[in-house]
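Structure first, commentary second.
Taken together, the values in this text are just the output of simple stated rules run on the coordinates, not laboratory data. Small disclaimer: the values here were computed from a predicted structure and weren't measured. Here Cβ is always computed from backbone atoms with ideal geometry, including for glycine, and neighbour counts include all displayed protein chains.
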Amino acid sequence: MVSILMKGLYLLAGYVIGSIPTGYLFMKFGKNQDIRTLGSGNIGATNVYRNAKKSMAAAVLVADAIKGIIPVLIARHYLGDTMGLWIGLSVVVGHIYSIFMGFRGGKGVATTIGVYASAYFPAVIFAAIIWGAVFKATNIVSIASIAMVFLVPFFAFIFSSSGVQAFVFMFMGMIVIYAHRDNIVRLIRGEEKPIQAFDADKQQQDQT
C-alpha cells in the first residue's frame, strides 16, 4: 500500500518532470534564443514553429509528448492505473506552470496527448481525428486543440470502463483550456492567426 506521503512525492516528481521547459531548451541550445522573448512568448511547439524551423518545432512536440508518456507508463506499472492518471495530470500542470520558468510554460496540448497515449490509447486516436478535422476546417491551432481536450473526456466516458479516467481527462482538459484563455479572447475578437500567417511571418523575417 502506497502511503499518502509517497503518493504526494510521486505527484511532485510528475510535476517536476512536466516542468522541464523543452521548448526553451531547444531554442536556447539550438538557436541561442530565448523563446519567451519571441512571438507569443509561450515555450510550446506552436511558438517554436512560428520562430524556428519545422524540424525544431516537431522535436519540441515529440519531447513534450514524451513527458506525458513515460511517467504515466512507469506509474501505471508500479502504482496502478489510477495513480498513473493523477501523475499524468501533475505532469501537464508542471508543463503549463513550470517551476523552472517562474510558473509559466506551454499550453499543455502535446503533453496531454502523451498522457492520452499512455493512459488509454484509443483516446489518442480519437484526439488525432478531432484535432485533424478541426484544424483542416479552420487552420487555427488553438481551436483544434481546445476542441480536442474538450471532446476526448466524453469519448473516454462512453467507451472506457474507468470513470476516474474520464474525470481526470476532463480536469486536464479544463486546465488546458484555461491555458488557452488569451487565445479564446483573440478568437472572440477575430484576431487569432491561422497557421498560414505564421508561415508568412517567417518568410517576411527571412527577407529582412
Reciprocal of mean inverse Cα separation for the range 4-207 (Kirkwood radius, Å): 17.1 Å
Spin-label zone in the range 135-151 - amide nitrogen under 19 Å from a point set 7 Å from the Cα of Glu191 along the C-beta vector: 140-143
Residues Asp81, Asp64 arranged by fewest to most Cβ contacts within 10 Å: Asp81, Asp64
Fewest-first ranking of His95, His180, using other Cβ atoms within 10 Å as the exposure measure: His180, His95
Entries in Lys7/Lys107; Lys31/Lys67; Lys67/Lys107; Lys136/Lys193; Lys28/Lys193; Lys67/Lys193 that, when Cα-Cα distance is taken, lie over 18 Å: Lys7/Lys107; Lys31/Lys67; Lys28/Lys193; Lys67/Lys193
Whole-angstrom gap from the range 55-88 to the range 1-50, using each part's C-alpha centre: 13 Å
Sorted by Cβ density within 10 Å, fewest first, the residues Val62, Val48: Val62, Val48
Calculated FRET value between Met6 and Ile158, using beta carbons and R₀ = 22 Å, to 0.05: 0.05
Under-5 Å amide H pairs with Arg104, H placed in peptide plane, nonlocal only: Ser98
Theoretical gain in end-to-end length, Ala13 to Leu25 [0.36 nm per residue, Cα-Cα removed]: 2.4 nm
Simple label model, 7 Å out from Cα along Cβ direction - Lys136 to Tyr78, nm: 4.2 nm
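From the helices alone, meaning DSSP H stretches of at least four residues, give me the mean residue ellipticity at 222 nm for the chain, per-run term -39500 (n - 2.57), in deg cm²/dmol to the nearest 500.
Helix contribution divided over all residues of the chain: -25500 deg cm²/dmol.
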Using alpha carbons only: equivalent-ellipsoid semi-axes of the range 24-91, gyration tensor based, whole Å: 30, 11, 9
